[in-house]
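Undergrad: One structure follows; several queries about it will come next.
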Amino acid sequence: MTDTGTTSGSAPWARLGIAVASGMLKGVYGHGVLSAFEERGLRADVYGTASSSGLSGGLAAIGRARAVGVDYWLGAAAGAVDKGMSTVALDSIMEYGPTLREGLFRPGAPEFLLATSKVTDEAAAEVTQGPGAKALGRQLLRNIFTGDRSWVEQNLAPAVFSTQGEPGTGRPRLTPENHDAVAYASTRMLHAWAIPAEVDGEAYIDASYTCSCPAREVAARDVGVLIAIGSDPFPLFRDLYASEEIVDGSELDGARVLVVKPDHDLKDLGVDYAVASAEGLTKAYGIGLADGHRFVDAHPELAAVPTAYQEGVA
């Protein structure tokens, strides 16, 4: 686990935000961290998620991360081989959607952010929704290594939906009616997801192209401390193209940033982005769980402050 330093200087009553990065099956680590937080009573006022972390972060926001645990990831990994990623995502939404919708929109629940990438150009939308999507997706992955962000900059915009979104604020509203569509859109990597994604008739694709870790959006919600959870030991960036690094110990819009991420590549355990063994997933979840407990041990003041949701304040 990365060295998180201390939170000295932060008011003990400061609002707390948690931003969880995407990582496909490597997201099992972040689920472990969130499960440890839940066990220790560390809850946030704002949860920000993207792509695969939408499920784990959503469960954490409603106090169900530990109850689900690694079981979700074991099923997802098996389904990825047998069914394909689109079907795995849609199946998980069908299974967990009712629980998430019931909890996320309850009065007094923490604010929940779910990032996507909106396709802003009509011609680009036709490509992402049609047979050329897979080839485009492969090209966008190759562009990661060259640093070419031109297609993304010309055709995509981050769209971070919020359960407390308001018209005209730049935060589109996440509702019980659009939750499932937004959740699927947030996961749709073009190279591997065959089924197109739409929200209110408009094309969207995976959050990771523009916002794989919505730390900045969480920080903007007037939080004093921001915990950013990554799924790799490498520097944690805002998006696939490394447009902005999220740095442990820094400040982001006035929020002190604390980063939690694994010390070693989960690939060494048999957990890669799209393929993972059952044994590897169980180990990676356990590492996240242990790292989460160590984080709370280092920052007990964060778990000692009840949020409005814990107090039952509507």
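Undergrad: Expressed as cubic angstrom per residue, what is the convex hull volume of the alpha carbon set of the chain?
TA: On the way: hull volume 37.0 nm³, N = 314.
Hull volume over Cα atoms, normalised by residue count, gives 118 Å³.
Undergrad: Which value, in debye to the nearest 20, describes the size of the charge dipole of the stretch 185-312 about its Cα centre when Lys and Arg Cβ atoms bear +1, Asp and Glu Cβ atoms bear -1, and nothing else is charged? If you can, show how the numbers build up before the last one.
TA: Details: 9 positive and 22 negative charges, 37 e Å.
Result for the stretch 185-312 is approximately 180 debye, rounded to the nearest 20.
Undergrad: Work out, in µm²/s and without decimals, the Stokes-Einstein translational diffusion coefficient of the stretch 163-314 at 37 °C, 0.692 mPa s, Rh from Kirkwood over C-alpha pairs.
TA: Values: Rh = 17.9 Å.
It comes out at roughly 183 µm²/s.
Undergrad: Right, another one. In the stretch 219-284, what percentage of the DSSP-assigned beta bridges are antiparallel, given to the nearest 5? Walk me through the intermediate numbers first.
TA: On the way: 4 of 9 bridges.
Approximately 45 percent, going by the DSSP bridge assignments.
Undergrad: Enumerate the whole-percent occupancy of each 10 Å bin, from 0 to the last occupied one, for all C-alpha pair distances of the stretch 247-295.
TA: So the P(r) values, bin by bin, are 24, 39, 26, 12, 0.
Undergrad: Give me the net charge for the shell around Gly292: Cβ to Cβ below 14 angstrom, other residues only, Lys and Arg +1, Asp and Glu -1. Before the final figure, lay out each step's value.
TA: Values: positive: Arg40, Arg43, Arg66, Lys261, Arg294; negative: Glu38, Glu39, Asp263, Asp291, Asp297.
Its environment carries a net charge of 0.
Undergrad: Same structure, new question: Could you please state how large a percent of the accessible area of the chain is carbon and sulfur, counting protein chains only and using a 1.4 Å probe?
TA: Working: 6730 of 12750 Å².
Answer for the chain: carbon and sulfur cover 53 percent of the accessible area.
Undergrad: Kindly provide the Kirkwood hydrodynamic radius of the stretch 1-160 in Å, to one decimal, from all pairs of distinct alpha carbon atoms. Each step should come with its number before you reach the end.
TA: Numbers: mean 1/r = 0.0562 Å⁻¹.
So the Kirkwood estimate lands at 17.8 Å.
Undergrad: Pick out, from Ala197, Ala135, Val68, the residue whose Cα sits farthest towards the positive end of the charge dipole of the chain, with +1 on the Cβ of Lys and Arg and -1 on the Cβ of Asp and Glu.
TA: Positive-most Cα among the choices belongs to Val68.
Undergrad: Relative to the longest principal axis of the chain, what angle (0 to 90°, nearest 10) does the C-alpha long axis of helix 278-298 take?
TA: 40
Undergrad: Subtracting the Cα-Cα distance from 0.36 nm times the residue separation, let me have the gained length for Ala290 to Asn178 in nm, one decimal.
TA: Values: separation 112, 0.36 × 112 = 40.32 nm, distance 3.50 nm.
Length difference between fully extended and current span is 36.8 nm.
Undergrad: Counting helices only, and only those DSSP H runs with n ≥ 4, report the 222 nm mean residue ellipticity of the chain as the sum of -39,500 (n - 2.57) divided by its residues, in deg cm²/dmol to the nearest 500.
TA: On the way: 13 runs with 129 residues, N = 314.
Mean residue ellipticity at 222 nm (helix-derived): -12000 deg cm²/dmol.
Undergrad: Tilt of helix 28-40 relative to the longest C-alpha principal axis of the chain, in degrees (0 to 90, nearest 10)?
TA: Around 30 degrees separate the two axes.
Undergrad: What is the P(r) of the stretch 37-132, as percent of Cα-Cα pairs per 5 Å bin from 0?
TA: P(r) for the stretch 37-132, in whole percents per bin: 2, 11, 19, 20, 17, 13, 10, 6, 2, 0.
Undergrad: So what's the Cα pair-distance distribution over the stretch 147-251, bin width 5 Å, in %?
TA: Binned Cα distances yield the sequence 2, 10, 20, 22, 21, 15, 8, 2, 0.
Undergrad: Further, regarding this structure: Taking all pairs of different Cα atoms in the stretch 79-184, averaging 1/r and flipping that mean, what Kirkwood radius in angstroms comes out? All intermediate terms of the calculation are to be shown ahead of the outcome.
TA: Details: mean 1/r = 0.0627 Å⁻¹.
One over the average 1/r among Cα pairs gives 15.9 Å for the stretch 79-184.
The values are calculated or read from the model by the stated rules, or taken from the named source; none is laboratory data. In this text the structure is predicted, and so the values were computed from the model without any measurement. All Cβ positions, glycine included, derive from the backbone under ideal geometry; neighbour counts span all protein chains shown. Please note that ligands, DNA and RNA were not included when accessible areas were found on the heavy atoms of the full protein model with its side chains. Shrake-Rupley method; radii C 1.70, N 1.55, O 1.52, S 1.80 Å.
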